[in-house]
Amino acid sequence: MKLLLTSNGFENPEIAKEFLRLVGKPAEEIKILFIQIASRSIDERNYANKSKQELYDIGIKYENIRILNINKKPLSEAEMFDYDTIYICGGNTFYLMQRLRETKFHQKIKQYLKKSGVYVGVSAGSIILGSDIEIAGLGKTGDENDIGLEDFKGLNLINQVIYTHYIKSEEQLIRNYEKKTKQKVLRLKDNQALLINNKQEKVIG
């Protein structure tokens, strides 16, 4: 698998450099499926726009970013592999997981990764790849489960829970979560990302 799970996008320039290495193409040739369905509020949409701007800033061409609405007619497998990267933005983690399941797009993500496609997640887009997403509601700034999601299983593509926007004052909350769920939590600060490139795995930042 080729994964780049970020807390806050390419805020750290080193994360952007690792993205280009992971794809292995000049920036102007990279084609991206950009999914921002989790961004429902004005603030969340502003973060999605920030993510797009970060892609432009590293040399991705405007015409090579396709905004994909997974609620509409889905792409075929062949169409998906016309793109080098699936990029899923932040927003409400619970809503994102619900939409992925109902459209069965989570299955397409797994198929895509089996054939060496590159996945980039930001915040919610990173959390969903872990073993459990309930942690997204943790803390004062956590996501509200306003859709009443009851199944908190993640896509389980990595065998741990991802917690984004980590700050030290939340450490006890996370330790309590680990004790309660008996699951290991990877804490990612806003300038950090988890890079997985087949057998290589490291935290950037």
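The values are calculated or read from the model by the stated rules, or taken from the named source; none is laboratory data. Everything numeric in this text was worked out from a predicted model, so none of it was measured. As a convention, Cβ positions derive from the backbone with ideal geometry for all residues, glycine included, and neighbour counts pool all protein chains shown. Heads up: the accessible areas ignore ligands, DNA and RNA and are worked out on the full protein's heavy atoms, side chains in. Shrake-Rupley method; radii C 1.70, N 1.55, O 1.52, S 1.80 Å.
Some notes on this structure:
- Breaking point among (1) open to solvent by less than 60 Å² (accessible area, probe 1.4 Å); (2) under 22 Å from residue 38 (Cα atoms); (3) over 17 Å from the mean Cα position of the chain (by Cα), for residue 141: (1)
- Test for residue 73: is it at pLDDT below 95, in a loop (DSSP other than H, G, I, E, B) and either surrounded by fewer than 22 Cβ atoms within 10 Å (Cβ to Cβ) or touching a Lys or Arg at 6+ places or on another chain (Cβ under 9 Å) (or both): yes
- Answer from 139, 117 - the residue that is in contact with a helix residue (DSSP H, G or I) (Cβ under 6 Å, 6 or more places away or on another chain), modelled with pLDDT under 95, small (Gly, Ala, Ser) and farther than 17 Å from residue 203 by Cβ: 139
- Looking across 167, 147, 133, one residue alone is hydrophobic (A, V, I, L, M, F, W, C) and open to solvent by less than 20 Å² (accessible area, probe 1.4 Å). It is 133.
- Close pairs (7 angstrom Cβ cut-off, 6 or more residues apart or separate chains): assigned to a helix (DSSP H, G or I) in the range 151-170, open to solvent by 10 Å² or more (accessible area, probe 1.4 Å) anywhere: 170/139
- Leading residue by the ranking (farthest from residue 75 (Cα to Cα)) among those in the range 30-55 that are touching a residue at least 12 places away in the same chain (Cβ under 8 Å) and open to solvent by 80 Å² or more (accessible area, probe 1.4 Å): 47
- Residue check for residue 62: of a type in the set (Ser, Thr, Tyr), touching a strand residue (DSSP E or B) at 6+ places or on another chain (Cβ under 9 Å) and open to solvent by 30 Å² or more (accessible area, probe 1.4 Å): no
- Residue in the range 41-49 that is closer than 26 Å to residue 145 by Cβ, under 14 Å from the mean Cα position of the chain (by Cα) and of a type in the set (A, V, I, L, M, F, W, C) present: yes
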